Amino acid sequence: MRVVGLMSGTSYDAIDAAAADLALDGDTLVLTPLGMISTAYENGLRAELAGALPPAATDLATVCRLDTRIGQAFAAAAVRADLELCDGRSDLTASHGQTVYHWTGSGRVYGTLQIGEPAWIAEATGRPVVSGFRTRDVAAGGQGAPLVSVFDVMWLRGRPGVPVALNLGGIANVTVVADGAGGAPLAFDTGPANALIDAAVRELAEGDTTGGAQHMDVDGALAARGTVHPGLLRKLLDEPYYALPAPKTTGKELFHLPYLRAALDTCGPLSAEDVVATLTRLTARTVADAVRPFGATEVIASGGGTRNPVLMRWLREELGGGDAEVPLRTSDELGLPSGTKEAYAFAVLGWLTAHGLPGTLPSCTGARHPSVLGSLTPGAAGRSLPAPLATAPHRLVVRAPRRPRGPWG
């Protein structure tokens, strides 16, 4: 079965579309990557989205426009992925949508909202679309995140020791595949990855050589020129979220520009370079602090943060503290491009839903029970889903890319 996974993360910089050929071999789901395309949001759409996100106020007219325009943008990405990566023969689209609000409080998640109307995708591609993955887990008492945990557990199952999957998007999240006693897997958001770094660059780099057009610390250049400010770092590390027990989730509802401004108000004037350096160290420190108690034997990173060499170097330093150094590698070493692993993960979640199989692990999200995720938007007449499966795959392996096969893989 050829599935196109669509993903736009909390950095909302682009839509990633990854195509996968998925086939069941006994109790193993075999994923053959067919490639990825990435489409940046049009500047006006990105600006309107940024202006509507928390803590900004918005109105329903804006939400309607964004839901429609993001749905159309996702549809265009899906059409392109179908043609360029699947020779026009994809079977299913799995769309994460764009998260605009995750309603949390007192350690609970009360609701979540992803926009990007899937009807536009189904209309443009003619394929059925699975979307709205997070809400069912929240309804079952879960955090609704990180949903990639079921993918991580199948993918890393059988590796020696205690492997930890790390995603460095706007928010950092981890999946601990087993604890030191071989117990149930665990997953949670550790805190900001790029969210505060990006906010600082957009706010503080204005007037520099980028003319304020820079949205991220490209290649860690600003952090490399800066010096970590101990006072600011201590202030940021005092955030109560870090002490909460897992499972837990967070987002830009907490880690946003006003949050950063409040912390900066407690310090003297700092250069953009020093602020970005401090925030980069914050990400490295909080990730390492989060995984260390579980006796991690390796950390396998993916996401946009892997392209920041300063962040990766400092994360290696932080993971090297204590009794033993924990190796840090990227998902590329295991056959999955680090920039598109989440899009492939949502392709797998779509495959599970299409076959009537749960896409959550209660120990990872905190839900009362596993759930079949998402809502289905039908495709064109004559395009149906495969028959349900009675048993979920136990493992996932990644094979070298090849050309797509016939219907249903």
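The values are calculated or read from the model by the stated rules, or taken from the named source; none is laboratory data. Computed from a prediction, not measured in an experiment: that's the story for all the values here. Heads up, the Cβs are rebuilt from the backbone with ideal geometry, glycines too, and the neighbour counts pull from every protein chain shown. Remember, those area values only see protein heavy atoms, side chains included, never the ligands or the DNA or RNA. Shrake-Rupley method; radii C 1.70, N 1.55, O 1.52, S 1.80 Å.
Worth pointing out:
- Taking amide H as placed 1.01 Å from N in the peptide plane, the amide H of ALA301 sits under 5 Å from that of LEU166, ARG329, THR330, SER331, each at least 5 places away or on another chain.
- Distance in nm between pseudo-label sites at THR391 and ASP59 (7 Å out along the Cβ direction from Cα): 5.7
- Accessible-area value, HIS102, 1.4 Å probe, nucleic acids and ligands omitted, Å²: 10
- Length added when fully stretched, ASP219-LEU83, from 0.36 nm per residue minus Cα-Cα: 45.8 nm
- Relative contact order, percent, segment 82-171 [alpha-carbon distance under 8 Å, six or more residues apart]: 23
- Percent accessible area from carbon and sulfur atoms, the chain, protein chains only, probe 1.4 Å: 55
- Taking the Cα centre of the chain as origin and assigning +1 to Lys and Arg Cβ atoms and -1 to Asp and Glu Cβ atoms, the resulting dipole is close to 860 debye.
- Label sites at ASN43 and ALA184, each approximated as a point 7 angstrom past Cα along Cα to Cβ, lie 5.0 nm apart.
- When nucleic acids and ligands are ignored and a 1.4 Å probe is applied, GLU342 ends up with an accessible area of around 40 Å².
- With K and R counted +1 and D and E -1, the other residues having a Cβ less than 13 Å from that of ALA140 yield a net charge of +3.
- Cβ-based net charge around LEU66, under 14 Å, with every Lys or Arg adding one and every Asp or Glu removing one: -2
- Rounded to whole Hz, the Karplus (6.51, -1.76, 1.60) HN-Hα couplings of segment 104-110, x for glycine and proline: 10, x, 6, x, 10, 10, 9
- Estimated vicinal HN-Hα couplings, Hz - segment 223-234 in sequence order (Karplus 6.51, -1.76, 1.60; Gly, Pro = x): 4, 5, 8, x, 10, 5, 8, x, x, 5, 4, 4
- Karplus-based coupling profile of segment 146-163, in residue order and whole Hz: x, 6, 6, 4, 5, 4, 4, 5, 5, 5, 9, 4, x, 5, x, x, 10, x, with θ = phi - 60° in 6.51 cos²θ - 1.76 cosθ + 1.60 and x standing for Gly or Pro.
- Relative contact order %, the chain, counting alpha carbon pairs below 8 Å whose residues are six or more apart: 25
- Dipole axis of segment 275-371 (+1 Lys, Arg; -1 Asp, Glu on Cβ), positive-most option in SER338, THR306, PRO370: PRO370
- Of LEU237, LEU336, LEU85, the residue with the greatest mean-square motion in the GNM of the chain, using alpha carbon springs below 10 Å, is LEU237.
- Among residues other than TYR242 with Cβ under 10 Å from its Cβ, the summed charge is -1 (Lys and Arg +1, Asp and Glu -1).
- If R0 equals 45 Å, the separation of the Cβ atoms of GLU203 and GLU333 corresponds to a calculated FRET efficiency of about 0.80.
- Between ALA76 and ALA139, the modelled labels are 3.3 nm apart [label points 7 Å from Cα along Cα→Cβ].
- Seen from all directions on average, the chain presents a Cα convex hull projection of 19.2 nm².
- Label zone at ALA262, where the point sits 7 Å out along the Cα-to-Cβ direction: segment 29-59 residues whose backbone N lies under 19 Å: 53-58
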